[in-house]
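Structure, as structure tokens:
Each reported figure results from applying straightforward, stated rules to the coordinates on display, with no laboratory input. Keep in mind the model is a prediction, meaning the values are calculated, not measured.
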Amino acid sequence: MYPELMVIPMREELTRLGIQELRLPEDVERFVKRAGTNMIVVNSICGCAAGRMRPAVRAALQHTNLPDGIGTVFAGQDRDATEVARSYFSGYPPSSPCIALLQDGKLVYLMQRSDIEHRDAGDLAAELTRTFDRFCGQKSALQV
């Protein structure tokens, strides 16, 4: 576990966008059970990949089509909540950071660390917006 003070700025990089923190297993369960298309961002302290992932999420949230809800867990900090979130990403090894899109609780898209770490934020944001166009309706989940 990382000291909370160490992760606050990384948490806030997402939560100040209005992304819902899912700190407890029951928070994740409630979130995943919501109808519609929901995105879970597994945040991480990793500088290389997470440092690209967070700005990519911020940029992608400027798009017209967005998920119905967006939540985040913090790997290495919200350990139990992260484990529950990852249980919905069946067929994939644990990855942090990563971004998952679920429709009615079923995984339809996963961007893993290996998809993130060698790309720039603009490229990642473009992939996310294409994914939003494919799976999300034309409505705004957040006021970004």
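Some notes on this structure:
- Counting 0.36 nm for each residue step from R16 to A126 and taking away their Cα separation leaves a gain of 37.5 nm.
- 3J(HN,Hα) from dihedral phi, the range 16-29, Karplus parametrisation 6.51/-1.76/1.60, rounded to Hz, x for glycine, proline: 6, 7, x, 6, 6, 6, 10, 8, 10, x, 5, 5, 5, 4
- By the helix-only formula, in which each DSSP H run with n ≥ 4 contributes -39500 (n - 2.57) and the sum is divided by residues, the chain has a 222 nm mean residue ellipticity of -13000 deg cm²/dmol.
- Correct choice for Rg and Dmax of the Cα atoms in Å that was computed from the model, options (1) 14.8, 47; (2) 13.5, 39; (3) 14.3, 41: (2)
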